[in-house]
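Visitor: Handing you this structure, nothing more for now.
The values are calculated or read from the model by the stated rules, or taken from the named source; none is laboratory data. This one's a predicted model, so the numbers in the text were calculated from it and none came from an experiment. All Cβ positions, glycine included, derive from the backbone under ideal geometry; neighbour counts span all protein chains shown. Note: areas computed on protein heavy atoms with side chains; ligands, DNA, RNA excluded. Shrake-Rupley method; radii C 1.70, N 1.55, O 1.52, S 1.80 Å.
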Amino acid sequence: MQTYDLEADGLRGLNAALQSQTGDTNQTSWEIVNPKGSHAIAVGLDAPIEVNVKGSTGYYCAGMNKLATVNVHGSAGPGVAENMMSGIVTIEGDASQYAGATGHGGTLVIKGNASSRCGISIKGIDIIVHGNVGHMSAFMAQSGNLVVCGDAGDAFGDSIYEARLFVKGSVKSLGADCVEKEMRDEHIELLRDLLERGGCDAKPEEFKRYGSARQLYNFKVDNAY
Amino acid sequence: MRTEGNTGVKTRNENGPPKTAPIQSATFSNSINAEIRRAAATGLYDIRGGGAKRRVPQFDDLLFLGASVSRYPLEGYRERCDTNVTLGTRYAKKPIVLDIPITIAGMSFGALSGPAKEALGRGASAAGTSTTTGDGGMTPEERGHSEKLVYQYLPSRYGMNPDDLRKADAIEIVVGQGAKPGGGGMLLGQKISDRVAEMRNLPTGIDQRSACRHPDWTGPDDLEIKILELREIMAWEKPIYVKVGGTRPYYDTALAVKAGADVVVLDGMQGGTAATQDVFIEHVGLPTLACIRPAVQALQDLGVHREVQLVVSGGIRTGADVAKAMALGADAVAIGTAALIALGDNDPKWEEEYQKLGTTTGAYDDWHEGQDPAGITTQDPVLQARLNPIEAGQRLRNYLNVMTLEAQTIARACGHNHLHNLEPEDLCALTMEAAAMARVPLAGTDWWPGKSGTGF
Ligand SMILES: Cc1cc2nc3c(=O)[nH]c(=O)nc-3n(C[C@H](O)[C@H](O)[C@H](O)COP(=O)(O)O)c2cc1C
């Protein structure tokens, strides 16, 4: 295992070391100590390595991640795993705003709560949140899945496209064009898998599904704003 | 003349008072009235492409003084007058080196056809300059045909991925566009072909609107961290541009610099767009001419003029425009609409087809409908096959060469051996408005409105 002291050795050295790992690296396991809320930790990774961040992170931890597994043993600042392509990012604590924003693939697991705009504009990522999500979550979400084991805040799924949203608790209010949808067997199966990957013990049958009413897909007199 | 049947009664005019000619209202003009009727019939606002069509103070309102006794000129064809520019010298390990200071602005695949994007890449590369992607991601065609490609990082993040990021020669974070500062993109269903839909991860055929705000940052302090992240992902190699629409150019430029931009791209209200509301295009934003001096002032106040490069766009058409923008302090310019016209947009040879679409050469702006006779702003396979990307690329190269030669002609006449040596002192203004906006003297005077130390 490689250990990197971020406070002592700096951000550039860390990301350069992590980004230079290739598919056949032997240095598959990394531990980052003293993260102290730094921004842009472990961004742009492109190899199947495991990175454990021993503490909380600032903005954009694991941004644009590909293939890597990144575990934050603390809480994560805004935009964690933004635009992730593949791999797994797990936050042991809470996540701030825009968690998983625009993610194209991979899995983001948040063991605590997520703040506002969780899963904004997602394009294929799977996000599993053990706690609650804040307002405007899944805004303009295009595809992928957002699972919320707690409650969702205001304007949930506003202007949503084809992403699927599952919530176990309450939804404070639904955003424009977001509606509750029938939970069919295929959704139960999908959700079972998501919950398992997210390490949640909730039962898929306890969730409700939300998605697009598809009423904003074409400009009309009443929605041309 | 009114005749009253065949009763033999004389027309009113002969005995009555003299008739006056009908007078059209300047307020309720026929075109305004037609728009009111159109709105009343459809209940929808008008969407179109292009930039502001109204007249605003612009580069034609400025003149160069040229050399005389007090300054001497350079020989027209022989003496050296350089045109090269390097963008991204502030932080990037690999700045972009261009032969000419005229770049091709960001225009999306989706808004433009594949052959049009290819032609832009070919023409720009042949002329020694860069092209830019747009909303919708990077296509292999444009990467392949563009020697230097700037990859836009937009609010929608359609097609955004780290592999293309690493393939790009520079990144342009788009905050806004001159045609619609404060608005996002639009691409109507007619143009969301299967390929466009797949690149954007959207259902085919929907009317797509792009977000107007970035999803994961708000404000200049966040932007600084976002730029840090992008630099870390790209190992501090590639320049990062920040593109803003012309609204508050002094503060936007200053904040972009503070956030860490290598290059500021400033797009005035005449700047084209692929599609947005007409009301937005015509009524929001500052004329390009009014943007440049405040932006340059911001760079100077921060001590980074020339270190952080300023690229100006919005209504650049000729070498004279290029020279004027540079004399006011820009390091380079970008063109969108003019490049499309060089490729063949609004060409009179399609007049018959423009007529069928209810328009005419020069006025065709329904680019969002995807029926462009010239095959440029369309995804229709039959129409886009009309554009030969090799020939269109050659036309663009020729046009870029002509603009460069024109700008050099002016620079030499003013006695400069590099386009960057053009300065505001080379200029005068024909109107009070232009004098005030460009902060150069009204022709024949040494005064402009707002000049410090004067009474106004
Ligand atoms: C067809 C078309 C598509 C455009 N697409 C984009 C885009 O995707 N992103 C962007 O930042 N600007 C876009 N623009 C604006 C241009 O980048 C540029 O700011 C503008 O065209 C400059 O003004 P000009 O057209 O007068 O040269 C587009 C413009 C046109 C004409």
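Visitor: Any residue in the range A:40-55 that's in contact (Cβ under 8 Å) with a residue 60 or more places away in the chain: show its pairings with residues that are of a type in the set (A, V, I, L, M) and surrounded by 18 or more Cβ atoms within 10 Å (Cβ to Cβ) at Cβ separation under 8 Å, as long as the two are six or more apart or on different chains.
Guide: From residues that are in contact (Cβ under 8 Å) with a residue 60 or more places away in the chain, there are no pairs.
Visitor: Let me ask something else about it. Does B:Ala338 satisfy being modelled with pLDDT of 95 or more, more than 13 Å from the ligand (Cβ to nearest atom) and not in a strand (DSSP E or B)?
Guide: Considered against the rule, which asks whether it is modelled with pLDDT of 95 or more, more than 13 Å from the ligand (Cβ to nearest atom) and not in a strand (DSSP E or B), B:Ala338 comes out as no.
Visitor: Of all residues in the range B:280-296, which are open to solvent by less than 10 Å² (accessible area, probe 1.4 Å) and either within 13 Å of the ligand (Cβ to nearest atom) or touching a Cys at 6+ places or on another chain (Cβ under 9 Å) (or both)?
Guide: If the condition is that a residue be open to solvent by less than 10 Å² (accessible area, probe 1.4 Å) and either within 13 Å of the ligand (Cβ to nearest atom) or touching a Cys at 6+ places or on another chain (Cβ under 9 Å) (or both), then B:Ile281, B:Thr288, B:Leu289, B:Cys291 are the ones that fit.
Visitor: Only one of these conditions is not met by A:Asp158: (1) among the acidic types (Asp, Glu); (2) within 14 Å of another protein chain (Cβ to nearest Cβ); (3) out of contact with any Phe, Trp or Tyr (no Cβ under 7 Å at 6 or more places or on another chain). Which number is it?
Guide: Unmet for A:Asp158, out of (1) among the acidic types (Asp, Glu); (2) within 14 Å of another protein chain (Cβ to nearest Cβ); (3) out of contact with any Phe, Trp or Tyr (no Cβ under 7 Å at 6 or more places or on another chain): (3).
Visitor: A further question on this structure: Can you confirm whether B:Ile173 is farther than 18 Å from B:Trp217 by Cβ, in contact (Cβ under 8 Å) with a residue 40 or more places away in the chain and either within 11 Å of chain A (Cβ to nearest Cβ) or of a type in the set (A, V, I, L, M, F, W, C) (or both)?
Guide: no
Visitor: Now for a different question. In this structure, does B:Val175 turn out to be among the β-branched types (Val, Ile, Thr), touching a strand residue (DSSP E or B) at 6+ places or on another chain (Cβ under 6 Å) and open to solvent by 50 Å² or more (accessible area, probe 1.4 Å)?
Guide: So B:Val175 fits the description; yes.
Visitor: Exactly one of (1) within 10 Å of the ligand (Cβ to nearest atom); (2) within 14 Å of B:Leu87 (Cβ to Cβ); (3) within 14 Å of another protein chain (Cβ to nearest Cβ) is unmet by B:Ala275. Its number?
Guide: (2)
Visitor: State all residues of the range B:56-72 that are within 14 Å of B:Ala290 (Cβ to Cβ) and not in a strand (DSSP E or B); if no residue qualifies, say none.
Guide: B:Val56, B:Pro57, B:Gln58, B:Phe59, B:Asp61
Visitor: Sort out for me the helices (runs of 4 or more DSSP H) sitting completely within the range B:343-416 that have 3 or more residues that are within 14 Å of the ligand (Cβ to nearest atom) and surrounded by 19 or more Cβ atoms within 10 Å (Cβ to Cβ).
Guide: Ranges flagged: B:389-413.
Visitor: Let me ask something else. Could you say which residue among B:Gln309, B:Gln277 is touching a residue at least 60 places away in the same chain (Cβ under 8 Å), open to solvent by 10 Å² or more (accessible area, probe 1.4 Å) and more than 21 Å from B:Ala434 (Cα to Cα)?
Guide: That would be B:Gln277, the only listed residue that is touching a residue at least 60 places away in the same chain (Cβ under 8 Å), open to solvent by 10 Å² or more (accessible area, probe 1.4 Å) and more than 21 Å from B:Ala434 (Cα to Cα).
Visitor: Which strands (runs of 3 or more DSSP E) does the range A:1-101 wholly contain that include 2 or more residues that are open to solvent by 50 Å² or more (accessible area, probe 1.4 Å) and on the phi < 0 side of the Ramachandran plot?
Guide: A:2-5
Visitor: Taking the stated definitions as given, is B:Val264 surrounded by 24 or more Cβ atoms within 10 Å (Cβ to Cβ) and either among the small types (Gly, Ala, Ser) or within 14 Å of the ligand (Cβ to nearest atom) (or both)?
Guide: It is true that B:Val264 is surrounded by 24 or more Cβ atoms within 10 Å (Cβ to Cβ) and either among the small types (Gly, Ala, Ser) or within 14 Å of the ligand (Cβ to nearest atom) (or both).
Visitor: What are the residue pairs meeting all of these: first residue in the range A:124-141, first residue within 11 Å of chain B (Cβ to nearest Cβ) and within 17 Å of A:Arg197 (Cβ to Cβ), second residue part of a loop (DSSP other than H, G, I, E, B) and open to solvent by 30 Å² or more (accessible area, probe 1.4 Å), Cβ atoms under 6 Å, and 6 or more apart or on different chains?
Guide: A:Gly124/A:His104
Visitor: Of all residues being assigned to a helix (DSSP H, G or I) and open to solvent by less than 20 Å² (accessible area, probe 1.4 Å) in the range B:106-117, which is nearest to B:Asp372 (Cα to Cα)? Just the residue, please.
Guide: B:Ala116
Visitor: Which residues, counting only those in the range B:187-224, are open to solvent by 20 Å² or more (accessible area, probe 1.4 Å), more than 9 Å from chain A (Cβ to nearest Cβ) and under 19 Å from B:Tyr45 (Cβ atoms)?
Guide: Across the range B:187-224, the qualifying residues are B:Gln190, B:Cys212.
Visitor: While we're on this one: Do the conditions hold for B:Arg90, that is, is it under 19 Å from the mean Cα position of the chain (by Cα) and not in a strand (DSSP E or B)?
Guide: Here the answer is no, as B:Arg90 does not meet what is asked.
Visitor: Being of a type in the set (A, V, I, L, M), within 14 Å of chain A (Cβ to nearest Cβ) and surrounded by fewer than 24 Cβ atoms within 10 Å (Cβ to Cβ) is true for just one of B:Ala126, B:Ala168. Which residue is that?
Guide: Checking each option against the conditions leaves just B:Ala168.
Visitor: Restricting attention to the range B:47-81, which residues are crowded, with 16+ Cβ neighbours inside 10 Å and either within 14 Å of another protein chain (Cβ to nearest Cβ) or more than 30 Å from B:Tyr364 (Cα to Cα) (or both)?
Guide: B:Ile47, B:Arg48, B:Leu63, B:Phe64, B:Leu65, B:Ala67, B:Leu74, B:Cys81
Visitor: Out of the residues in the range B:297-325 that are part of a helix (DSSP H, G or I) and either touching a strand residue (DSSP E or B) at 6+ places or on another chain (Cβ under 6 Å) or within 14 Å of chain A (Cβ to nearest Cβ) (or both), which is farthest from the ligand (Cβ to nearest atom)?
Guide: If we take residues in the range B:297-325 being part of a helix (DSSP H, G or I) and either touching a strand residue (DSSP E or B) at 6+ places or on another chain (Cβ under 6 Å) or within 14 Å of chain A (Cβ to nearest Cβ) (or both), then B:Leu299 is farthest from the ligand (Cβ to nearest atom).
Visitor: Right, another one. Scan the range A:102-129 residue by residue and report those that are charged (D, E, K, R) and open to solvent by 10 Å² or more (accessible area, probe 1.4 Å).
Guide: Residues satisfying the conditions are A:Lys111, A:Arg117, A:Asp126.
Visitor: Hey, can you tell me all the residues within the range B:230-255 that are open to solvent by less than 10 Å² (accessible area, probe 1.4 Å), touching a Phe, Trp or Tyr at 6+ places or on another chain (Cβ under 9 Å) and of a type in the set (A, V, I, L, M, F, W, C)?
Guide: Result: B:Leu230, B:Ile240.
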